[in-house]
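What follows is a short report on a single structure.
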Amino acid sequence: MSDLYQEIVLEHAEHPHNFGALANATHTVKDANASCGDLVELQLIVKDGVIQDVKWRGIGCAISTAAASILTDLIQGKTLKHAQKLTQAELLKEMGMDSILPTREKCVTLALRVLQKI
């Protein structure tokens, strides 16, 4: 595990970006990892196809929390269509990783799965 990965994940896990709720969300979707109990809900305000604001709520491990935090940073101001094309590899790169153990893959991909459901 690289130091960069540890630093990024710990920072986002301890101080998640965009955590909270939107009173006037146009899109709200949540999903969970049944095997571990991680839960992520994304709330977006989308106007003319562009994500104007995004918040998330949930519970989970440090990797799941960091992934949701980073994902929301990445999609803010993007078109919904563009945001939904974000890949696991791109998210991992932003987290300072090239790959992840198969047992932890669901932790990283939960927020991406939720985004795909919007």
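The values are calculated or read from the model by the stated rules, or taken from the named source; none is laboratory data. This structure is a prediction, so every number in the text was calculated from the model and none was measured. Cβ atoms come from the backbone with ideal geometry, glycine included; neighbour counts cover every protein chain shown.
Checking LEU71 against (1) assigned to a helix (DSSP H, G or I); (2) in contact with a helix residue (DSSP H, G or I) (Cβ under 6 Å, 6 or more places away or on another chain); (3) surrounded by fewer than 17 Cβ atoms within 10 Å (Cβ to Cβ): exactly one of these is not met. Which one?
(3)
Could you list, in sequence order, the residues of segment 97-108 that are surrounded by fewer than 21 Cβ atoms within 10 Å (Cβ to Cβ) and of a type outside the set (Gly, Ala, Ser)?
Just the residues of segment 97-108 that are surrounded by fewer than 21 Cβ atoms within 10 Å (Cβ to Cβ), to begin with: 97-106.
Scanning segment 97-108 gives MET97, ASP98, ILE100, LEU101, PRO102, THR103, ARG104, GLU105, LYS106.
Criterion first (among the polar types (S, T, N, Q), at pLDDT 95 or above and either in a helix (DSSP H, G or I) or over 9 Å from the mean Cα position of the chain (by Cα) (or both)) does THR103 satisfy it? If you could, list the steps in order and put the result at the bottom.
On the way: among the polar types (S, T, N, Q): yes; at pLDDT 95 or above: no; either in a helix (DSSP H, G or I) or over 9 Å from the mean Cα position of the chain (by Cα) (or both): yes.
When the stated conditions are applied, THR103 does not pass them.
Here's a check for you: in segment 10-37, which residue that is within 12 Å of the chain's Cα centre (by Cα), not in a strand (DSSP E or B) and not polar (S, T, N, Q) is farthest from SER64 (Cα to Cα)?
Checked segment 10-37; the qualifying residue farthest from SER64 (Cα to Cα) is HIS17.
Among the residues that make up segment 50-58, is at least one of them part of a loop (DSSP other than H, G, I, E, B) and in contact (Cβ under 8 Å) with a residue 24 or more places away in the chain? Reasoning before the result, please.
Applying the first criterion (part of a loop (DSSP other than H, G, I, E, B)) to segment 50-58 yields none.
Within segment 50-58 (the criterion being part of a loop (DSSP other than H, G, I, E, B) and in contact (Cβ under 8 Å) with a residue 24 or more places away in the chain), the answer is no, since none of the residues qualifies.
When you go through (1) modelled with pLDDT under 95; (2) out of contact with any helix residue (DSSP H, G or I) (no Cβ under 7 Å at 6 or more places or on another chain); (3) not β-branched (Val, Ile, Thr) one by one for ASN33, which number turns out not to apply?
Just one mismatch for ASN33, condition (2).
Mind telling me which of the residues ALA66, ALA62, ALA83 ends up being in contact with a helix residue (DSSP H, G or I) (Cβ under 6 Å, 6 or more places away or on another chain), surrounded by 19 or more Cβ atoms within 10 Å (Cβ to Cβ) and touching a residue at least 40 places away in the same chain (Cβ under 8 Å)?
Numbers: ALA62 fails: surrounded by 19 or more Cβ atoms within 10 Å (Cβ to Cβ); ALA83 fails: touching a residue at least 40 places away in the same chain (Cβ under 8 Å).
When all the criteria are applied, what remains is ALA66.
Pairs under 8 Å by beta carbon, first residue on the phi > 0 side of the Ramachandran plot in segment 22-37, partner part of a strand (DSSP E or B), six or more apart or different chains?
Listed pairs, sorted by first residue: GLY37/ILE59.
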